[in-house]
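Before any comments, here is the structure.
The values are calculated or read from the model by the stated rules, or taken from the named source; none is laboratory data. All values reported here derive from a predicted model rather than from experimental measurement. Neighbour counts run over all protein chains shown; Cβ positions are idealised from the backbone, glycine included. Note: areas computed on protein heavy atoms with side chains; ligands, DNA, RNA excluded. Shrake-Rupley method; radii C 1.70, N 1.55, O 1.52, S 1.80 Å.
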Amino acid sequence: MASDWDRGVALYNKAEYRAALVEFQDIVMERPDAAGAWYYIGLCEFKLKRYDRVELPLSHAIDLLEIQTPSSADIAGAWYTIGISHYLQTHYDKAIEPLKRYIEVTSKAKHEIDASARTALARAYFFLDRYDEALPLLAAAANEKLATGNAERAKEIAANAYYRGAIYFKREDDDRAIAALREAVKGNPEDIAAMDLLAESLMHKARKPKLWNEAAEVGEKLKALRDDLKTANILGRAYLGAQRFDNAVAPLEKLAKANPDNGQAWLYYGIALSRSGRMRRAMEALEITIQLIPESIPALSELGYVYEADKQYQQALRIYEKAYAVSGDPAIKATVERVRALAVQQP
């Protein structure tokens, strides 16, 4: 048995996991109470990515170690490996208890907790919508010291910031969402999901051009990675909010033409055209808008403004009268009277 053990350990250390597994299986056939052999069987299955075969041998190892050598560090290692195996299989509910046991045993022994265990536990809670339990773990991960040059770990920390931001975004806490998502994008400038949520949070919160412009900057970076309709939607709205109407035209045109039955998309496109001085194209876009959403006061008001600016007072009057009939707004009534007077005076 000693020679099997030595061969098994040597093979495991050389990453020859299949061969090592055979040696340790031979040991437990002869000695079912060999805790170390059960432990290595579980590790070999994990290394071979046969995650569904990990829990049984490691549970045997834990039961035996708790009797034979209760201070063994392998107990914590076994709980860790079981928890990570469930996590990698997306069995998030099953991952939670072994990961908690790993953290508890490791803390009690005053050893350093593996950052990946805390991360896996936090994300398991996140995917199960248990946000109150996820947040403290994600916050703890944000405070971890990062070894210089550890690019993978930097991305993990950035991803944890994304998950924090996503929780705050779901809770409509835009201040905290923005702070976390900025951190996520800084840590991983190619994180498309973080950019999406950051741009949306900035636009939720925007009251001044500064935040609208930041949302537009995020949208521009997003476009370099993913030039699609979702990005066009973000960019177009951000440019509109920042009153950068010339910039807004192209993404909003793309969005409107891809969604011919979406009145809101045509409205935004029409406003961008109108405010950038492209009156003829604005008329066309806004006429399409009121065909799709005939009682939209913003669309009617904008189209009336475009006709009035083009000195087509009869057309403007027709549109403003329709807007007043729909809304009954005294301000629109005053506009009707003013434009009627202009129409009468026009040759």
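When A341 is tested against (1) of a type in the set (A, V, I, L, M); (2) in contact with a Gly (Cβ under 9 Å, 6 or more places away or on another chain); (3) open to solvent by 20 Å² or more (accessible area, probe 1.4 Å), exactly one condition is not met: (2).
In region 325-337, the residues that are closer than 13 Å to G304 by Cβ reach residues that are open to solvent by less than 40 Å² (accessible area, probe 1.4 Å) and among the aromatic types (F, W, Y) with C-beta atoms within less than 7 angstrom, at least six apart or across chains, in these pairs: I332/Y320; T335/Y320; V336/Y320. Would a scan of region 9-19 turn up a residue that is β-branched (V, I, T), closer than 26 Å to A142 by Cβ and without any contact (Cβ under 8 Å) to a residue 60 or more places away in the chain? Scanning region 9-19 turns up no residue that is β-branched (V, I, T), closer than 26 Å to A142 by Cβ and without any contact (Cβ under 8 Å) to a residue 60 or more places away in the chain.
Here A142 meets the list (1) within 20 Å of P57 (Cα to Cα); (2) open to solvent by less than 40 Å² (accessible area, probe 1.4 Å); (3) not hydroxyl-bearing (S, T, Y) almost entirely, failing just condition (1).
The helices (runs of 4 or more DSSP H) found wholly in region 108-206 and carrying at least 1 residues that are farther than 20 Å from L88 by Cβ occupy 131-142, 151-170, 174-187, 192-205. Can we say K49 is exposed (fewer than 14 other Cβ atoms within 10 Å of the Cβ) and closer than 25 Å to K14 by Cβ? Taking the combined requirement at face value, the residue satisfies it. Residues in region 99-124 that are open to solvent by 70 Å² or more (accessible area, probe 1.4 Å) and free of Cβ contacts under 8 Å to residues at least 12 places away in the same chain: E104, K108, K110, E112.
Might you check whether a residue that is of a type in the set (A, V, I, L, M, F, W, C) and open to solvent by 50 Å² or more (accessible area, probe 1.4 Å) occurs anywhere in region 310-326? The answer is yes; a qualifying residue exists. One residue alone among A248, A299, A309 is at pLDDT below 95 and among the small types (G, A, S), and that residue is A309. Sort out which residues of region 52-98 are assigned to a helix (DSSP H, G or I), touching a residue at least 24 places away in the same chain (Cβ under 8 Å) and surrounded by fewer than 18 Cβ atoms within 10 Å (Cβ to Cβ), and write them in order of number. Result: D52, Q68, A73, L88, D93.
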